[in-house]
1. Determine, yes or no, whether residue 295 is surrounded by fewer than 15 Cβ atoms within 10 Å (Cβ to Cβ) and either among the β-branched types (Val, Ile, Thr) or at pLDDT below 95 (or both).
2. Just to be sure before I move on: is residue 263 closer than 18 Å to residue 333 by Cβ, under 23 Å from the mean Cα position of the chain (by Cα) and open to solvent by less than 20 Å² (accessible area, probe 1.4 Å) in the structure I sent?
3. Which of the residues spanning segment 274-291 are over 28 Å from the mean Cα position of the chain (by Cα) and at pLDDT 95 or above?
4. Taking residue 87 as the residue in question, decide whether it is touching a residue at least 40 places away in the same chain (Cβ under 8 Å), open to solvent by less than 80 Å² (accessible area, probe 1.4 Å) and in a loop (DSSP other than H, G, I, E, B).
5. Six or more apart or on different chains, Cβ under 6 Å: which pairs go from a residue in segment 232-243 that's closer than 15 Å to residue 199 by Cβ to one that's among the polar types (S, T, N, Q) and surrounded by fewer than 16 Cβ atoms within 10 Å (Cβ to Cβ)? Could you list them?
6. Under the condition of being of a type in the set (A, V, I, L, M, F, W, C) and either out of contact with any Leu (no Cβ under 8 Å at 6 or more places or on another chain) or open to solvent by 60 Å² or more (accessible area, probe 1.4 Å) (or both), which residue from segment 328-351 is farthest from residue 135 (Cα to Cα)?
7. List every residue pair whose Cβ atoms lie under 6 Å apart, where the two residues are 6 or more positions apart in sequence or sit on different chains, the first residue falls within segment 323-335 and is under 13 Å from residue 394 (Cβ atoms) and modelled with pLDDT of 95 or more, and the second residue, located anywhere, is open to solvent by 20 Å² or more (accessible area, probe 1.4 Å) and of a type in the set (D, E, K, R).
8. Mind listing just one residue for me: the one in segment 332-370 that is assigned to a helix (DSSP H, G or I) and of a type in the set (A, V, I, L, M) and, of those, nearest to residue 208 (Cα to Cα)?
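The values are calculated or read from the model by the stated rules, or taken from the named source; none is laboratory data. Please read all numbers here as calculations on a predicted model, not as lab measurements. Every residue, glycine as well, gets a Cβ built from its backbone with ideal geometry; the counts of neighbours run over all protein chains shown. Ligands, DNA and RNA are stripped out before the accessible areas are found, and what is left, the full protein with its side chains, is counted by its heavy atoms. Shrake-Rupley method; radii C 1.70, N 1.55, O 1.52, S 1.80 Å.
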Amino acid sequence: MSTAEDRATPYAAGMNDGASDAASDGERTMIRTTRNRQPALPSRLGWVHYLVYTDDVGNLQRLRLGSEAVRIGRRAPCELVLRDSEVSGVHCEVQLRQDELVVSDRGSTNGTFVDGKRVFANERVPHGGVLQVGRQLIKHEFRDEQELVQSQELDRDLARASDYVQSLLPPPMRGGPVLSDWFFQPSTRVGGDGFGYHWLDSQHLVVYLLDVSGHGVGAAMHGVSVLGTLRQQTLPDTNFAEPAQVLARLNDVFPMDRHGGMFFTIWYGVLELPSRRLRFASAGQHPAYVVGAQGGVPQPLATRNLVIGAMPEAIFDADVAQLQPGDRLYLFSDGVFEIVTQDGQTWTLDEFLPLLGQPLPSGLGEPEHLFKVVRALARPGPLDDDFSILTLQVH
């Protein structure tokens, strides 16, 4: 698409040919001034300015801008309040002026930035520009209101799909020989994470976590289909107490060439009571981890198998671990540790593992505590992927 400046360039060049050679210096100066000018985008019928930001629980919100100035800060009387210790009480102010958004810092301690550059008074925020206030990133949107309504309808459909996936997750187990807890926080996109556990009989507990490739409703529904197959035990000719056999049958039933090119990774285990023997197999998935009752270094549990659906008639191996009273088993998706931190660094699994088995604040389950720790370390905005973590503790 050509810009106003692109269109001005051939016009100026044309003025130097033929009859345009007679143009005066003043005219040529006028042409150069026109090319260098960056006029405000003209008002468009139905187009509206918004500030897009993340609320206290990680959800995207949009604040529609009008003719009145909007103060941004940590407390009232600000119209946009951000709960961030690095945001001043009244940090800055934004206002529309002839379809341009301008920002003025209000003497904040940590400064106000537009696209990474510190600004002070009456600085323009370009359409699509990012305003940084403390650790918070606020995007300026200028878009068609009808288009936004349609986009929000799609967002609601995706949210309903995410809610449906979450409705299939099992309730925590608060008593008995095995205790369980979990935390699930979807990203702004619908992902393919899923997990579950159930008793095969009074002596065998099945536990599993899977992650479908890609995002969107297709990945979510593929994950729902796999979860339903495991929960209802509908795989043909399968002993669900044998992890290697379960993975082989899943590979037969869910080949990627018959499911839109989607494959998935999985960790599947069977805990036998009262021996506390854990038989397990994983396919393309990072390990589950065990931490002892007294803490210590997390011990990985994994097998080297291909992802599910990639290769027909693949062979799958399993392994066995012996758990001890008080041991805690952790299953989690890669969205738990694949984050970008506030200083722009990409986190790794090795940086996440030391958080497992640490003392907890009173009244808070470990999965939720881990989410809060990761959320505080990550850059502002929703996490890049679904956050799914499940813990089992054996007595």
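1. Yes: the conditions hold for residue 295.
2. The answer is no for residue 263.
3. Selection gives 275, 276, 277, 278, 279, 280.
4. Judged against the criteria, residue 87 is a match.
5. Cβ pairs passing all conditions: 240/233.
6. So the residue we want is 349.
7. That search, which allows pairs on different chains as well, returns 323/276.
8. 336
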